[in-house]
Amino acid sequence: MELKISNITKKYGDKIAVDNVNVTLENGVCALLGANGSGKTTLMRMIAGVLGNTKGSISLDGRNIEILDSAYRNVLGYLPQNFGCYKDFKVKDFLLYMCALKGLDGKFAKKRCEEMLLKVGLENVSNKKIGALSGGMKQRLGIAQALLNDPTILILDEPTAGLDPKERIRFRNLICELSKDRIIIYATHIVSDISYIADRVLLMKAGRIVADGSTEELLNIVKGKVWSVDIMRNELESYQNKYSVGAISDSKIKDVNVRIVSDVKPDEKAIEALPDLDDVYLYYFGEVAEVENSN
Amino acid sequence: MKNKEIKSALDYYDVKLPDEDKIESTVLNVINSQRTVKTPELSFKRIIISQISSVKNSFWFFSFLFLIVIVFMYLKIDSEYTTLFLFSTTPFLNIIALPTLFFTFNRERMELEGTCLIKPATVFSAKSVICGALDLILILFAVLISAIVTDVPVLQSAFLGFLGYTSSAFIAMCFSLFFKTQVAMAVTSAIYAVAVSSVFVFEDVANFILNMNFATLSIIFLLFFLLLSGVVYYTKNNYKYERVVFLYGTENI
Ligand SMILES: Nc1ncnc2c1ncn2[C@@H]1O[C@H](COP(=O)(O)OP(=O)(O)OP(=O)(O)O)[C@@H](O)[C@H]1O
Ligand SMILES: [Mg+2]
């Protein structure tokens, strides 16, 4: 399967939210990494077919998704970023309602709902109102909902927002398990979520794709540009002004050890460090990626 | 030369290309065949049946209440204005149907439901058929009671009942295009209240309506019926995500 996004642009008035994006997605997990406001959600909405684009086209196996229409939506699973409505629905009823909208048969729908509740570990709250669920539980329900029709294209907009570390790992395993024979598009600004599961990473900045490749390929970009330096605490500010400073940790030699991404060696005593995805993020965004629940 | 011969030989066979629908359904089948979940053939009838359960409970309740009120009033009121009663009660049905029809249309729900096989616009059509059908039955029932209790010609009261219904439905739908459901309900109720009171307060208005002949009545009814069909059709085609973002605020992110 091949999902081709050609010259997609979205403008809101004068503001360009997504700027001439060109990518062809194949089976596997594709991570869309970007800071707040970089246009991830806007791009996902266009791929999901809910938001019209200003320019460009999206096609699945050579067919425009607007022409495929229901055939396309039939293979689509979508978890929107804000999943806060449906408060008055019971968990079970909500899933059944989504089944109805996804065209699933009554008997089959019931069975499928139970399977999905089990899969995301919500079988004990199936009779609770959605409004009474915790944030993480809601998110899991959103994932269950997206999987009901066994989609071949799965679009997840910040799916792990609000999940605790245990659930994060569980979710990562679920994605791994699902990623065969499917296109999974996964938007996030949390690097650790995708570092082991993404077959491909797209880095998005101000509506554009600024880097595109496998994790290794992206790490190669910053190879030789990541440094570890021991400095005094009073030097920290001047370093932060001059360089992109990543992780700061304790140092045995001086006050602190800083991780710096820079084209030039920042200090005589700086030693080259092994790059990770966080450094790539830092290199492109000049700021530290959000680390959530590092346990 | 050889190519031409082959071509002419092949021309002899008439190949009929299947129509677009068939091609699409093949594509759908191929895509489906690779998945563990298969989607059954969807007919509009099936969509309607699936939507009956998601019609708001308050809709059934208030519709039932409407029926009781109609029966009760006909048994109590005894004046020449009884017929007008039909004209002025049927708009009530629209106000109770609005939340059911437009319930799906908020930004968050549209974002999710717009990606499903059955689109919100189709859900809207299914629900308007459900509400419309029930309202039709209720109005016919009211007309029947009117025919039994009063000596107004059946056709006259039927036309009046449906005129009240279609005209107010048209107004309600128009407002729903520009305002949130609650606002549309409030505005429609206000217009409806003014209309009803004017009918009962000003004798001229009442007499005018009572004395309209069949031809005028049916023309006005037909006019509103067409307008209503038009606005329902327009609504169905216009409830896209962007439209709802416009109606329900642009807050995003
Ligand atoms: N409906 C809208 N009207 C106007 N501007 C919008 C609208 N939706 C998004 N934008 C703008 O488009 C840009 C991209 O927004 P988008 O929501 O796609 O970012 P994002 O990468 O998903 O951010 P986040 O990480 O916060 O979810 C933002 O600058 C935002 O202000
Ligand atoms: Mg977003």
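None of the figures in this text is laboratory data; all of them are computed from the coordinates on show. Being a predicted model, the structure only gives us computed values, none of them experimental. We place every Cβ from the backbone using ideal geometry, glycine too, and count neighbours over all the protein chains shown.
The distance from the alpha carbon centre of the stretch A:196-245 to that of the stretch A:75-113 is 40 Å, rounded to a whole number. The residues neighbouring A:Arg170, those whose beta-carbon lies less than 11 Å from its own, together hold a net charge of +2 under the Lys/Arg +1, Asp/Glu -1 convention. Across the stretch B:52-62, rounded Karplus estimates of 3J(HN,Hα) from the backbone phi angles (6.51 cos²θ - 1.76 cosθ + 1.60, θ = phi - 60°) give 4, 5, 9, 6, 4, 4, 4, 5, 4, 4, 5 Hz, Gly and Pro being marked x. Ranked by how many other Cβ atoms sit within 10 Å of their own Cβ, fewest first, the residues B:Phe162, B:Phe64 fall in the order B:Phe64, B:Phe162.
Under a 5 Å amide H cut-off, with hydrogens placed 1.01 Å from N, A:Arg208 pairs with A:Asp19 among residues at least 5 apart or on other chains. Sorting the segments B:170-182, A:27-39 by their residues' average number of neighbouring beta-carbon atoms within 10 angstrom, most packed first, yields A:27-39, B:170-182. Annotation: amide H of A:Tyr78 within the under-5 Å range of A:Ile155, sequence separation 5 or more or interchain, hydrogens built in the peptide plane.
Between the residues A:Ser244, A:Pro266, A:Ile130, the greatest Cα displacement towards the positive end of the dipole of chain A, with unit charges on the Cβ of Lys, Arg, Asp and Glu, is found for A:Ile130.
In plain terms, the residue of A:Val23, B:Val149, A:Val245 with the fewest other Cβ atoms within 10 Å comes first and the most crowded comes last, giving B:Val149, A:Val23, A:Val245. Can you tell me the orientation of helix B:154-178 relative to chain B, as the angle in degrees between its alpha-carbon axis and the longest Cα principal axis, to the nearest 10? Once rounded, one gets 60 degrees. Placing +1 on each Lys and Arg Cβ and -1 on each Asp and Glu Cβ, with no other charges, gives the stretch A:3-219 a dipole about its Cα centre of roughly 620 debye.
Across the stretch B:99-112, rounded Karplus estimates of 3J(HN,Hα) from the backbone phi angles (6.51 cos²θ - 1.76 cosθ + 1.60, θ = phi - 60°) give x, 5, 5, 9, 4, 5, 8, 10, 4, 5, 5, 4, 4, 7 Hz, Gly and Pro being marked x. With the simple model of a label 7 Å out from the Cα in the direction of the Cβ, A:Arg233 to B:Asp14 spans 9.3 nm. The mean count of C-beta atoms from other chains within 10 Å of the C-beta of residues in A:102-112, rounded to a whole number, is 4. Over all other residues within a Cβ to Cβ distance under 11 Å of A:Gly62, the charged ones net out to 0, with Lys and Arg as +1 and Asp and Glu as -1. The helix-only estimate of mean residue ellipticity at 222 nm for chain B, built from DSSP H runs of length n ≥ 4 each weighted as -39500 (n - 2.57), is -26000 deg cm²/dmol after division by the residue total. Just so you know, the Cα atoms of chain A work out to an Rg and Dmax of 21.3, 70 Å. For A:Gly246, the residues whose modelled amide H falls within less than 5 Å of its own, excluding neighbours fewer than 5 places apart on the same chain, are A:Arg259, A:Ile260, A:Val261.
For peptide A:270-277, the mean count of partner chain Cβ atoms within 10 Å of a residue's Cβ comes to 0. With only the Cα atoms considered, the stretch B:97-180 has a convex hull volume of 84 Å³ per residue. Which residues does the label zone of A:Asp181 cover in the stretch A:46-88, counting backbone N under 15 Å from a point 7 Å along Cα→Cβ? Residues passing the 15 Å test: A:75. For the protein assembly as shown, the mean projected area of the C-alpha convex hull, equal to one quarter of the hull surface, is 38.6 nm². Prolate is the label for chain B, because the ratio a/c of its alpha-carbon gyration tensor axes (a ≥ b ≥ c) is 1.5 or higher and a/b is greater than b/c. Ordering A:Asp14, A:Asp193, B:Asp135, B:Asp19 by the number of other Cβ atoms within 10 Å of each residue's own Cβ, fewest first, gives A:Asp14, B:Asp19, B:Asp135, A:Asp193.
Per residue of peptide B:117-124, the mean number of Cβ atoms on other chains within 10 Å of the residue Cβ is 4. Helix content alone sets the calculated 222 nm mean residue ellipticity of chain A: runs of n ≥ 4 DSSP H residues at -39500 (n - 2.57) each, divided across all residues, give -9500 deg cm²/dmol.
Mean separation of Cα pairs under 8 Å and 6 or more residues apart, divided by the residue count, gives chain A a relative contact order of 21 percent.
Scalar couplings 3J(HN,Hα) for the stretch A:150-161, obtained by applying the Karplus form with A = 6.51, B = -1.76, C = 1.60 to θ = phi - 60°, are 6, x, 8, 10, 10, 10, 10, 9, 6, x, 9, 4 Hz; x denotes Gly and Pro. With N counted as the residues of the stretch B:121-253, its alpha-carbon radius of gyration over 2.2 N^0.38 Å works out to 1.23.
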